[in-house]
Amino acid sequence: MRFGLTKEHHDFFHRHHHIEFEGLLSEEDVKRLYSDTEKRDRWRTNPEIKKIVLRSTLAEVASNLCKVSPLRIGFDQTILNSGEEERFLPLNEKSSIQKVACGLILDQNGSGTFFSPEFSFPLTHPALLIVYVEEKAQYIHEEKDPYNHALKKLGYGFGDRIRSDTHPIVFRG
């Protein structure tokens, strides 16, 4: 899938800090993504989810919208909620990986919303969050991140730069 972004797409994204696109995922992709419970970094253990989360076409759109290249995967996370609107905290306030470039929420209809790290995203349904970070991202202590200590299992300490062996580059412009 090639995705052509127009000047209007860029203008909307930079004015509103988010933009939604329909049809980013096939029905089969959606079934794969939502066959699991809430968990972070499912791409590390599930090859089918890895194919989707590390898809360069999605990362290319993120890179073009946020004007950051190269991009690496920060993390993915399935977000389940009660069905009532919840405000997802801005990624720059919640993520223990800093230098977040862009987030992508993929919903159960195959649509996706790209959003900037300072945007507080309203969620009313389960979704998959993909977080893209800059090449020189860093692991920090962030108490608001429920997975704050997860990277320690991969050999990281607070203050460490994110490495390609654990967080690969998904798009180079």
Could you list, in sequence order, all residues of segment 33-60 that are part of a helix (DSSP H, G or I), of a type in the set (Lys, Arg) and surrounded by fewer than 19 Cβ atoms within 10 Å (Cβ to Cβ)? ARG44, LYS50, LYS51
Filtering segment 61-76 down to residues that are surrounded by 19 or more Cβ atoms within 10 Å (Cβ to Cβ) and either assigned to a loop (DSSP other than H, G, I, E, B) or in contact with a strand residue (DSSP E or B) (Cβ under 8 Å, 6 or more places away or on another chain) (or both) yields VAL61, ALA62, SER63, LEU65, CYS66, VAL68, LEU71, ARG72, ILE73, GLY74, PHE75, ASP76
Working carefully through the options GLY110, GLY159, GLY173, find the one that is at pLDDT 95 or above and assigned to a loop (DSSP other than H, G, I, E, B). GLY159
Filter segment 38-57 for residues that are touching a residue at least 24 places away in the same chain (Cβ under 8 Å) and in contact with a helix residue (DSSP H, G or I) (Cβ under 8 Å, 6 or more places away or on another chain); the one that is farthest from HIS125 (Cα to Cα) is LEU54
How many of the residues in segment 94-106 are assigned to a strand (DSSP E or B) and out of contact with any Leu (no Cβ under 8 Å at 6 or more places or on another chain)? 2
Filter segment 1-32 for residues that are surrounded by 13 or more Cβ atoms within 10 Å (Cβ to Cβ) and in a helix (DSSP H, G or I) and give the result. HIS9, HIS10, PHE12, PHE13, HIS14, ASP29, VAL30, ARG32
Residue set ASP145, ASP107; condition buried (at least 17 other Cβ atoms within 10 Å of the Cβ) and over 23 Å from ARG55 (Cα atoms); output residue ASP145
Could you check PRO117 against (1) without any contact (Cβ under 8 Å) to a residue 40 or more places away in the chain; (2) surrounded by 19 or more Cβ atoms within 10 Å (Cβ to Cβ); (3) in a strand (DSSP E or B) and say which number it fails? (3)
What is the residue count in segment 139-173 for residues that are within 16 Å of LYS94 (Cβ to Cβ) and of a type in the set (D, E, K, R)? 4
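The values are calculated or read from the model by the stated rules, or taken from the named source; none is laboratory data. All of these numbers come straight from a predicted model, not from anything done at the bench. Backbone-built Cβ (ideal geometry, glycine too); neighbour counts: all protein chains shown.
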